[in-house]
Amino acid sequence: MTRAYISGTGFYVPERVVTNAELATLMNTSDEWITARTGIKTRHFAAPEEGTIDLAVPAVEQALEAAALTVGDIDFIIFATSSPDHYAPGSGCFLQDRMGFGEIGALDIRVQCSGFVYGVSIADQYIRTGSFRNVLVIGAELQSTNLNMTDEGRDVSVIFGDGAGAVVLSATEEDRGILSTHLHSEGKHAKHLWLEAASSYTQPRFNKEDIDAGRHWLQMDGREVFRHAVVRFPEVIREALEANDIALDQVQLIIPHQANLRISNEVARRLGAPSDLLYSNIQRYGNTTAASIPIALAEALREDKIAPGDYVVLAAFGSGFTWAAALIKW
Ligand code: COA
């Protein structure tokens with residue numbers, strides 16, 4: 001039986017570190033408020049000359065090196081982002097050209113914070129069916145150029161950061177790799193966390209009225225997001241474990257999307273797990289949307305938190321609402 005395993009990981013965050021104190025010079029907020037409500041102390045913001053794929057390239061280079069592969073070995077690119085370089089074409093195409101991949105397929109997916117796990121699921125299907133041997137899955141986000149840095153946008157803008165993570169998924173006949181993936185959505189909650197403009201409903205699509213009304217900023221009902229996240233995370237983690245007949249105490253690490261430290265702690269409590277079973281680096285990077293899980297995975301590996309044979313769960317929740325999990329035997 002062919003399975004997909006993660007043969008290499010990498011991540012990159014831009015150099016510029018932005019502290020809570022720096023944000024407090026732009027809007028009415030404080031280090032105390034941000035730390036208490038989210039756990040975030042710092043995030044990284046891209047430089048003016050950097051775009052989304054500029055963050056992705058170093059992450060991809062590391063992942064290829066860790067997998068002992070070159071660009072010529074990759075059969076397919078899956079690029080998860082909600083903040084692409086351009087509206088069209090997708091960032092995967094720009095990355096294909098920049099890094100000199102062959103004329104392989106490049107698929108952008110927009111599943112926001114769940115985008116990386118959705119991408120792993122797609123790659124897993126191609127590898128299991130024998131279509132591809134090596135698939136690159138990237139989560140990369142450049143949120144900082146679209147954050148409303150005023151009092152009006154403070155509930156959203158203090159949360160997000162920029163960064164990129166990448167993995168190579170490769171085929172194996174060994175008893176390891178992605179055991180299963182579980183994907184969900186519930187679009188009736190779309191407007192609790194959404195970016196309304198630019199929209200196909202307006203003519204022309206990009207217009208001053210939308211900008212004047214602030215419809216181009218990400219809008220969030222934080223309480224609704226919180227309320228659903230703490231239910232869906234445990235639910236989908238349990239779903240993944242039950243599908244494989246694995247008990248929670250057999251799991252060495254859960255890597256949740258880094259939405260908010262309070263959400264992760266509440267998820268741990270509801271699962272009946274120690275809070276350190278859930279990996280956390282949101283303190284340093286903020287919420288990097290589709291990039292947060294591959295960044296956390298790469299860091300957890302560097303910190304030797306994952307060993308061969310370990311069971312690891314990736315779990316995501318975000319705009320849509322969408323939520324997803326992948327159970328991996330390392
Ligand atoms: N600094 C200071 N005060 C702020 C603030 C900020 N950055 N943002 C909001 N506030 C204020 C509000 O205006 C409100 O003031 P009021 O009581 O005078 O009206 C007060 O803080 C409480 O706001 P509320 O929205 O009720 O706070 P909360 O406890 O729900 O925390 C979030 C807000 C956004 C931190 C919280 O809802 C949350 O984390 N939600 C999930 C968000 C998330 O994870 N999103 C990503 C999902 S992928």
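Nothing charged except the Cβ atoms of Lys and Arg (+1) and of Asp and Glu (-1): what's the magnitude of the dipole of the stretch 147-192 about its Cα centre? Round to the nearest 20 debye.
It works out to roughly 180 debye.
Below 8 Å between Cα atoms, with a sequence gap of 6+, how large is the relative contact order for the stretch 48-159 in percent?
Normalised by residue count, the contact order of the stretch 48-159 is 33 percent.
If the convex hull of the alpha-carbon atoms of the stretch 3-175 is projected onto planes in all directions, what is the mean projected area in square nanometres?
10.8
Taking R0 as 41 Å, what's the FRET efficiency between ASN28 and ASP175 from their Cβ-Cβ distance, rounded to 0.05?
My answer for the efficiency is 0.15.
Which helices of the chain meet both criteria: a Cα extent of 18 Å or more along the helical axis and a mean Kyte-Doolittle score no lower than 0.5, with helices taken as whole DSSP H segments?
Qualifying helices: 52-66.
Ordered by residue, what ³J(HN,Hα) values in Hz, to whole numbers, does the stretch 165-173 give under the Karplus form 6.51 cos²θ - 1.76 cosθ + 1.60, where θ = phi - 60° and Gly and Pro are x?
The phi angles translate into x, 9, 9, 9, 9, 10, 6, 9, 9 Hz.
Which FRET efficiency value, to the nearest 0.05, is calculated for GLU303 and SER200 with the Förster distance at 45 angstrom and r the Cβ-Cβ distance?
0.55
Applying 1/(1 + (r/R0)^6) with R0 = 35 Å to the Cβ-Cβ distance of ASP310 and ARG227, what FRET efficiency is obtained, to the nearest 0.05?
Once the sixth-power term is evaluated, E becomes 0.65.
If each of ALA36 and THR70 carries a label point 7 Å out from its Cα toward its Cβ, how far apart are those two points in nm?
5.7
Can you give me the distance in nm between label points at GLU186 and GLU61, each placed 7 Å from the Cα along the Cα-to-Cβ direction?
With each label placed 7 Å out from Cα toward Cβ, I get 4.3 nm.
Please compute the modelled spin-label separation between THR2 and ARG270, points set 7 Å along Cα→Cβ, answer in nm with one decimal.
It works out to 3.8 nm between the two label points.
Could you tell me, in Å, what Rg and Dmax come out for the Cα atoms of the chain?
18.9, 57
Read-outs: derived from the displayed coordinates by stated rules, not from any lab. Please read these numbers as outputs of a predicted model, since none were measured by experiment. With ideal geometry, Cβ positions are generated from the backbone for all residues, glycine too; neighbour counts draw on all protein chains shown.
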